[in-house]
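Okay, structure first, notes after.
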Amino acid sequence: MLQETITRDQPLRRWEDYVVPQCWEAFSADDHAVWDLLFARKVELLGSRVISPFLDGIDLLRLSHPGVPDVEGLNAILEPRTGWRTVAVPGLVPDDIFFAMLSERVFPVGNFIRKRDELDYLEAPDCFHDMFGHIPMLAHHDYAEMTRHVGELGSAAIAADQGHKAARLYWHSVEFGLAKEQGELKILGAGLASSFGEAHSSLESDKVERLPFSVEKAVHTSYTHDAFQQRYLVSASLEQTSSDVLALTPETLLAL
Ligand SMILES: [Fe+2]
């Protein structure tokens, strides 16, 4: 997830400098139990509210052991499918680092999980959000390529001091997008798929706006980090949005 919008005045950094060992052995028995509880509750709550590629990819997270997935085990399954791999990070990474990772098919996952007393509310994304929300879809070829391309667009936009344009595009598709699937409204974004309250309200509340997704609309629609979204963009289909985003050049993005 994005942390902040930075400008090119800040020094260039390497994304590798933000990677830490996951230290899977350091997760406690209760940490693993929290993962299992969240996983079971979330799969049941989502039901068929999420687009089908997400449900197809969920088995990626069921490794040979229960509890929090280990990044090596996950990568051994994910990388042969779409070339994506995960790396552990200690928390949110800056936007330029995040987009640089995406552009190289690297997805950062927190090396920590929420505690039992914060199951439903979380101030910063933990490994449940990062893995449960994002990894299933990164096994889907079109989505995986769209996400990589958003990383490239993001790096170019930040270099031009227009990082917010790529951040909004990312937000309204990968993170908080909705999508139509065979005429039904479904969850597309990882922030919704991994949320306990917003998953339902994004689909069912009559107090939010749902507008058709377009690249241009996404770039011109603001979002909020710390509350439920007031408006969602609805992709006509995952294939359409993937295709529209992949066709977007940095020059076109910057001109929007
Ligand atoms: Fe996220």
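The values are calculated or read from the model by the stated rules, or taken from the named source; none is laboratory data. Please read these numbers as outputs of a predicted model, since none were measured by experiment. Note that we place each Cβ from the backbone using ideal geometry, even for glycine, and neighbour counts take in every protein chain shown. Note: accessible area is taken over every heavy atom of the protein model, side chains too, but ligands, DNA and RNA are not part of it. Shrake-Rupley method; radii C 1.70, N 1.55, O 1.52, S 1.80 Å.
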Handout entry: DSSP beta bridge pairing in the chain, given as percent antiparallel to the nearest 5
Key = 25 percent
Practice task
First select every other residue whose beta carbon is under 9 angstrom from the beta carbon of LEU211; then total the charges, Lys and Arg +1, Asp and Glu -1.
Solution key: +2
Practice task
May I ask for the longest run of the chain untouched by trypsin sites (Lys or Arg not before Pro) that are loop-located per DSSP and have at most 11 neighbouring C-beta atoms (other than their own) within 10 Å?
Solution key: 63-206
Fill in the blank from the handout: Cα-Cα longer than 22 Å, checked against LYS115/LYS186; LYS180/LYS217; LYS42/LYS186; LYS42/LYS115, kept in input order, equals LYS115/LYS186
Problem - Environment charge at GLU79 (Cβ cut-off 10 Å; Lys +1, Arg +1, Asp -1, Glu -1) - result: +3
Exercise for the section: Using a 1.4 angstrom probe on heavy atoms only, work out the carbon and sulfur share of the accessible area of the stretch 35-125 in %. Expected result: 50 percent
Problem - Inter-centroid distance (Cα atoms) of the stretch 53-100 relative to the stretch 104-154, Å - result: 8 Å
Problem - Percent carbon-and-sulfur accessible area, the stretch 155-195, ignoring ligands, DNA and RNA, probe 1.4 Å - result: 43 percent
Exercise for the section: Find, among the GluC sites (Glu not before Pro) in the stretch 60-159, those assigned to loop by DSSP (not H, G, I, E, B) with at most 12 other beta-carbon atoms within 10 angstrom. Expected result: GLU123
Handout entry: Solvent exposure of the chain as accessible area per residue, Å², 1.4 Å probe
Key = 43 Å²
Fill in the blank from the handout: Projected onto their principal axes, the Cα atoms of the stretch 106-256 stretch, largest extent first, over whole-Å spans of 46, 35, 28
Practice task
Write down the percent of antiparallel bridges among all DSSP beta bridges whose residues are both part of the stretch 38-189, to the nearest 5.
Solution key: 40 percent
Exercise for the section: Treating the Cα atoms of the chain as identical point scatterers in vacuum, please give the log10 of the normalised Debye intensity I(q)/I(0) at q = 0.07, 0.10 Å⁻¹, two decimals. Expected result: -0.21, -0.44
Problem - Charge sum, other residues only, whose C-beta stays under 15 Å from PHE54's C-beta, Lys/Arg counted +1 and Asp/Glu -1 - result: -3
Handout entry: Cα-based reach from LYS207 at 17 Å (exclusive), listing aspartates and glutamates while leaving out same-chain residues under 8 positions away
Key = GLU198
Fill in the blank from the handout: Here, chymotrypsin sites (Phe, Trp or Tyr not before Pro) of the stretch 109-166 satisfying both criteria (DSSP loop; at most 14 other Cβ within 10 Å) are TYR121
Completion exercise
Note: the stretch 105-168 at 4 °C, 1.567 mPa s; Kirkwood Rh on alpha carbon pairs; Stokes-Einstein D in µm²/s works out to 96 µm²/s
